There are 2 protein chains.
Amino acid sequence: MLQQTFIAVDWGTTNRRVYRIEHGVVIETERDSLGVTAVPSGGFAEEVATLRARHDGAPVVLAGMVGSNRGWLDAGYVRTPATLEALAAAVVKPIDGVYIIPGVAHVAQGHGDVMRGEEVQLLGALAAGMAPADALLCQPGTHCKWAWMKDGTLSSFVTAMTGEMFAMLRNHALIGQEMTGEVTPGDAFAQGVREGARGDLLASLFGVRPASLLDLRDRADAASFVSGLLIGADCSAHAGTGEVHLLADPALGALYSRAITELGGTPLLVDSHAAFVAGVTRFWEYFS
Amino acid sequence: MLQQTFIAVDWGTTNRRVYRIEHGVVIETERDSLGVTAVPSGGFAEEVATLRARHDGAPVVLAGMVGSNRGWLDAGYVRTPATLEALAAAVVKPIDGVYIIPGVAHVAQGHGDVMRGEEVQLLGALAAGMAPADALLCQPGTHCKWAWMKDGTLSSFVTAMTGEMFAMLRNHALIGQEMTGEVTPGDAFAQGVREGARGDLLASLFGVRPASLLDLRDRADAASFVSGLLIGADCSAHAGTGEVHLLADPALGALYSRAITELGGTPLLVDSHAAFVAGVTRFWEYFS
């Protein structure tokens, strides 16, 4: 049966974004804070039933942490190189009309990494022509993903705890007392990026406090400098000097763009919501 | 007046170690948790008076955070290259019979660093012949100090937040849930050291959780692996392949020794308490 209308949910740990898609076009979008951790264990079937009732019982495609062991059920992982076709072949259907997209695992030389939800954006960006079939894509955030696409597949990826580290330093480190200013992609940020690229993060971070004590840096710049250190360390380890396609909100996009530019690369901004919609729509075509 | 007996206090943030020294020999040692933060503001004069009363009113030499703005008073910093003679020339005497040793500041190429208390150990190690006049010394801990000694002076140094980072990750990061095992200088630690030396700390740290999820590493080894990552990053940025004189307690000394060896250097253990006593005794000779 050809189903031209479906509901796509990008269901993360703390947030949920719902798209009603008809004939490949987003008709309606809603965002709420009903992330996976806000749904009681065993409550996903009811939650999805409520959602479907609001949409004439349309089928739903779920991506993200909803497919983890903290979500509805563990939808497992497909291995790299991953494609939308491989994800569709491994789809998990807990009940009729509900499709959970599995995550992707990458294992190489004894190192492993996983993602859940980001793969739809990544492969969607390629499907929609927002990035070429061979490209480096970056999704900044609490856990920043760097994905190397080859021949249109998700070939390998790595995750850095860049955003989590920034929040942890600000809330719990001694230098957190200095990190009270706003983070902006200005000179202090760029100085942090260059120092972060030196690869001595533990000493560079400690140096924030002496820089204040010895009047070497304006205290109001400390937060931007630390953000630059972390994003600079992240980009210098992964970005290289070529093009990086950034799937980011405007604030993080501006910071990563500045860092990549500062380190000799070329940032290109991609609309991450459009990429998700393109990916989930292409995914849905395997079933409709 | 020649004063052959004095009391030396290594007065840190959370602990205090008191030495009664007569003719250069330690007669008595006590250690308590009366660190600088445990003494009420304005309470240092009374605290020191109590201490002196127990020791026949002998003069006291104070080193460490007691000379900071969170201690008795800010004793300032001497600049690198620093010597015991320069520290003695800049001594601060808040009251008769009390000598507070200043800290040391190092500023080069717009970067600054400070220490307070460690300088006595470092210069003492050289004064006592525990390390040569040209040497790299390392004091592992919450804030790990690396000090380059030249011609018998403290020439330059850098601090890394290695220990603070480990504690923060264990207590506040997502990977903290994995870090429940004991830290030992075994194979998982050495694996962490080698990976930490690769210079991609933010990704290496994130990788701890996928390694458990994908059964690539025994969960009981996660804490040792993370310790290895951090100490490996610290040592690879600072130690080189020559000799490193370690002023450390046995547990941290074993971890840093293993890391330095793993990265091609040669660790040499130095008794940090003996180094402090040697330094403070030599310091005192300028006044007695």
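Read-outs: derived from the displayed coordinates by stated rules, not from any lab. Being a predicted model, the structure only gives us computed values, none of them experimental. Note that each Cβ is placed from the backbone with ideal geometry, even for glycine, and that neighbours are counted across all protein chains shown.
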Report, in whole Å, the centroid distance computed from the Cα atoms of the range A:55-103 and the range B:217-288. 49
Highest first, please rank the peptides A:241-252, A:198-209 by the mean number of other Cβ atoms sitting within 10 Å of their residues. A:198-209, A:241-252
Anyone know which of A:ILE100, A:ILE260, A:ILE21 comes out most mobile in the 10 Å Cα GNM of chain A? A:ILE21
Using Cβ contacts closer than 10 Å as the measure, can you line up B:GLU30, B:GLU262 from fewest to most? B:GLU30, B:GLU262
Tell me the distances, shortest first, between B:LEU73 and the same position across the other copies, using label points 7 Å along Cα→Cβ, in nm to one decimal. 7.4
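When ranked by the protection proxy of mean other Cβ atoms within 10 Å per residue, highest first, what sequence do the peptides A:54-60, B:270-276 form?
Numbers: A:54-60: 15.1, B:270-276: 20.4.
Output ranking for A:54-60, B:270-276: B:270-276, A:54-60.
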Could you give, in nm with one decimal, how far B:THR180 is from each other copy of that position, shortest first, with labels 7 Å out from Cα toward Cβ? 3.9
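If r is the Cβ-Cβ distance from B:HIS23 to B:ARG198 and R0 is 45 Å, what FRET efficiency results, to the nearest 0.05?
0.30
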Just counting partner chain Cβ atoms within 10 Å, what average do the residues of peptide B:232-244 show around their Cβ? 2
Return the calculated 222 nm mean residue ellipticity for chain B, to the nearest 500 deg cm²/dmol, obtained by summing -39500 (n - 2.57) across DSSP H runs with n ≥ 4 and dividing by the residue count. -10500 deg cm²/dmol
Along the Cα-to-C-beta direction of A:THR50, a point sits 7 Å from the Cα; which residues of the range A:15-30 have their amide N less than 20 Å from that point? A:15-20, A:29-30
Quantify how strongly other chains surround peptide A:169-178 by giving the mean number of their Cβ atoms within 10 Å of each of its Cβ atoms. 3
With one decimal in nm and the nearest listed first, the spacings from A:LEU34 to its own position in the other copies, using label points 7 Å along Cα-to-Cβ, are 6.1
Kirkwood calc, chain A, C-alpha pairs only, radius in angstrom 20.0
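Divide the volume of the convex hull of the Cα atoms of the protein assembly as shown by its number of residues and quote the answer in cubic angstrom per residue.
Details: hull volume 89.2 nm³, N = 576.
It is 155 Å³ per residue.
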Hey, fewest Cβ within 10 Å first, where do A:TYR286, B:TYR19 land in order? A:TYR286, B:TYR19
With Cα springs under 10 Å, the Gaussian network model of chain B assigns the largest mean-square fluctuation among B:GLU28, B:GLU118, B:GLU178 to B:GLU28
Determine the shielding of peptide B:209-217 by partner chains: average, over its residues, the number of Cβ atoms on other chains within 10 angstrom of each Cβ. 5
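So how many Å³ per residue does the convex hull of the Cα atoms of the range A:162-270 work out to?
Roughly 87 Å³ of hull volume per residue.
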